1. Going toward the positive end of the dipole of the range C:2-244, with +1 on Lys and Arg Cβ and -1 on Asp and Glu Cβ, which of C:ILE237, C:GLY40, C:LEU225 do you reach last?
2. If you project the alpha carbons of the range C:54-108 onto the principal axes, what extent comes out on each, in Å, largest first?
3. Let me check I have the definition right: for the range C:155-275, take the eigenvalues of the Cα gyration tensor, multiply each by 5, take square roots. What are those semi-axes in whole Å, largest first?
4. Contour minus end-to-end for B:LEU39 and B:ALA92, with contour as 0.36 nm per residue of separation and end-to-end as the Cα-Cα distance?
5. Name the residue farthest towards the positive end of the dipole of the range B:2-217 from the options B:LEU31, B:LEU48, B:ALA127, assuming +1 on Cβ of Lys and Arg, -1 on Cβ of Asp and Glu, about the Cα centre.
6. What percentages make up the Cα-Cα pair-distance distribution of the range B:2-217 when the bins are 10 Å wide from 0?
7. State, as an integer percentage, the relative contact order of chain C based on alpha-carbon contacts under 8 Å between residues 6 or more apart.
8. Tell me, what % of the accessible area of chain A is carbon and sulfur with a 1.4 angstrom probe?
Amino acid sequence: MNWVWNNLDLIGELTLEHIRLSIPPILLGFLISIPLGFLAYRFKLTRGLLLTVAGLLYTIPSLALFVILPPIIGVSYLSEVNITIALTIYAVAIMARSVADALGSVDPAVRQSATAVGFSSWRRFWQVEFPLAGPVILAGLRVASVSTVSLVTVGIFIGIESLGYLFTNGLQRRIFAEVLTGVVMTVIVALLIDAILVLIGRLLMPWTNPGTRRSANRTATQLPLAQGGGAR
Amino acid sequence: MNLFTEAIDWIFSAERFQGYNPLGLRLGEHLWFTFLSLLLAAAIAIPLGYLIGHTGKGRNLAVGISGAARALPSFGLIVLLVLIVGVTRAPAAAVISFVLLAIPSILAGAYSGLEAIDRRVIDSARAMGMTEWQILWKVEIPLGLPLLIGGLRSGALQIVATATLAAYIGLGGLGIYIFEGLPLRDYPQMLGSAILIAALALLLDALFAILQQFVVPRGVTAGRVRDDRATSTRRRAVAGTPAE
Amino acid sequence: MIEFRSVSKQFPDGTLAVDDFSLVMPSRKTTVLVGSSGSGKTTILRMINRMVDPTGGAVLIDDEDISGLEPVALRRRIGYVMQNGGLLPHFKVVDNIATVPVLTGVPRGAAREQALTLMDTVGLDRSLADRYPSQLSGGQQQRVGVARGLAANPNILLMDEPFGAVDPIVRAELQQETIRLQRELDKTVVFVTHDIDEAFLLGDQVVILEKGGRIAQVGSPTEILADPASEFVADFIGADRGKRALSIRRTERGAILVDSEGRAAGVLVDGGPTA
C-alpha cells in the first residue's frame, strides 16, 4: 500500500489521462452510430452489410487493429489519433447494432399513430422513434463505454500512456500494488462513466425510471451481458 | 499500400518457417492456449449457466458479475495473476486469466439460451411427465444450443485477443512478433503478424458462425418467419454477439 | 373418479389461489371448470397431475391419495393439453405425439406407428407427420396437442384452455371434434375455460368458480340455466340478458323466440331433443 501513498500524483495524472482518452471514442462512436444504425434499421440491404462489417471489425483483436489501422488512415502507429479511431471503430461496431435493434423494437402501433396524427418522417424520428428507442440505445452505449475504458489500457504497448502504464511498469518492477491499482482504477473509471451515462439517461428519459420500466428494462439488462467482449 | 506488400512478404518469407521463431510454432501456441482455456472455461461456465437457466436462481448475481467482469482490463488481469503465481509460472497465470475472461460470455450464452425458451414449452414438457433431467437434455439444451455457441464464440474471440497481449509476458503465440517488432520499429513484421492475428480471429469467428447456424434445431428454422415476428426483439437482444 | 377434499393452495407469495375446494369429478364424464381469471381454475386443474401441490386437503384419483404418488409417473398416465399445444418446437409432429410413449420405454418405431393412428383419430392428415409445429396452423397445432395428450392412452385428460388462442371458426370446429372424441374414447375429461358457452357445450358437469376457487354452482348445463344458484351465477351465465334470455313472441305465422334485445333467435318446434 506504501506504493499507492507515494504515487498518488502519478495515479491521479494517469487516471485523468485515461478519462481524456476514453471520452472521444465514446462520443464519436455514439454520434456515428445513430445515422448508421438508422440506415441498418431502415433498409434491409444496408442492414446486412453494415452489421456484417461491424461484426468483422469488432472481431479483430485490439493490438492487431492498432497496428493495421495506421497505414490505412495515414497516421503514425504511435499517434494518439490512431487509438482514438480504433476505439471509435469498436464503439460503432457495438452501438450501430443496438441503435438498429432499438429502432426496430419501437411498437409499430406507436409509429403508425404518430404518422396518423401528422408527424413528418423527420420529426417522427426525432420526437417519437428515437426517444422510445432510447433505453436500448443507452444499453448499447453503456457496453461500448465500459469496453472502451478497458481497451484504452492496451494503448500502452504503442506508447499511449494511460492507467495501462501501471501494468507494464508494475510488471517490470514487480510491484503488485501498482498493478492492482491500475486494474482497480480502470474499473472505477469504467463504473464512473457508466454511472454518468445512467444519470443522463434518467434525466433525458424520465419515463424509464425504475418502477415504470417494463420490457425496455429487460432488454437493457440483457443486452450488455450477452454482447460479451470486453478488452481485446 | 507499400507497407502491406512488405507485410505480406514478411509472412511468406522463408524465415517464417525456420529458425527460433517459426510461424507454425507460434500459431500452434496461440491455438493451443485458446482451445485449452476455452475448454476449461466451458467446463466451469456451462454447468453453472445451465443451473442458473434451469432453476432461474442466481441470475442477478451472474448478471452483476458478468457486467463487472467486462470492465476488467485483460492485460492488467494477466499481469496481476503473473505476480500472484510467480513469473516462472507465467503460462499458468495467462491461462487462468483467459479462463476468467471467457467465463462471463459462456455463462451468459448458457443461461440466456435456456431463458429464451417459451415457458409454455417447458411447462408442457413437465406436465407430460418428463423428469427434470429429461427437460434439460431433451428440451432446454437443444433449444438453447445456438445461444450457447454464441457465448462460446464471444469467449473464444476474447481469448484470442487476450492471448495476443500475453506474448508480452512470454507466453509465445502470434503476438510475439508484434512485441519483437515494436522496439526494433520493424513495421512490416508488426503489420504482417497483426494481419495473421486478425485473420485467425476472423476465421475462428466464421467457424463458430457456421456452427451456430448448424445447431439451430430444424423445427426452429422451419418456422423462422413466424417465430421472428413474435420474439425478434428479445431474441436479438439476447443473441447479440457482436459478430453476426 | 377424481375427488378434491377441502383442498387449499396458498402460493409462496401469500396469495390464496384456492380455498377449501371440495368436488367429485365423475369418471368418463367431462367436468368443466369455468371462471374468470383469478378464480383458481387452472391451479385446481394442475393439482390433478401434481404440477401444483396443494397446501391443504387432499386430491384423490380412484380413491388413492395422489400426494403419495411419484409426480413424474403420475403425469405420464394423465393426458395434458394446453393452449397452443405447448408443442416441442424441435420435434416433428409425429415425435411430439410419441413423446410420452417414448419416455415410458415404448420402442420408437411402435410409438410412431401409434402416433400416426392418433393423427387419424384427431382428424390430422398423416402427410403432416414430418412437419414441425411451426409449419402448422393454430388449429392443427391444437389437434397435435390433443393427440399428444391421448398418446399414453390415459384414463384422464386435462385440458387447460386448449382453444383459447384459435379463431372462433376453428374453435367451434375443435369443440365439435372434442365432443366426438369424448363419445368415442370415453375419458374422464377435466376442461378449464373462461368461456361459459364453451363450458355449456362441452360439460356434463359444469363448475362455476368465484375468486379463490369458491364454487358458485355445480351442475349440468340444464340445471344451472334453469336455476342459477345466485346473482353471481345468473350474471356470469348471462341468464337475464343477451342471447340467453329468450322469450316467446307469438306472430301471425307462429311462435318465435327472441332474445333480450328483441332480435329473432329461433323458432319454437315440438318434440325437440329430450335432455
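1. So the residue we want is C:GLY40.
2. 40, 28, 16
3. Details: eigenvalues 157, 74, 41 Å².
The equivalent ellipsoid of the range C:155-275 has semi-axes of 28, 19, 14 Å.
4. Working: separation 53, 0.36 × 53 = 19.08 nm, distance 1.47 nm.
Gain in length upon complete extension: 17.6 nm.
5. B:ALA127
6. Calculated P(r), rounded to whole percents: 8, 29, 29, 19, 10, 4, 1.
7. Numbers: 523 pairs, mean separation 61.7, N = 275.
Relative contact order here is 22 percent.
8. Values: 6840 of 10080 Å².
The C+S portion of the solvent-accessible surface of chain A is 68 percent.
The values are calculated or read from the model by the stated rules, or taken from the named source; none is laboratory data. All figures in this text were calculated on a predicted structure; none of them were measured in a lab. Cβ sites come from the backbone with ideal geometry, for glycine too, and all protein chains shown count toward neighbours. Accessible surface areas use protein heavy atoms only, side chains included; no ligands, DNA or RNA. Shrake-Rupley method; radii C 1.70, N 1.55, O 1.52, S 1.80 Å.
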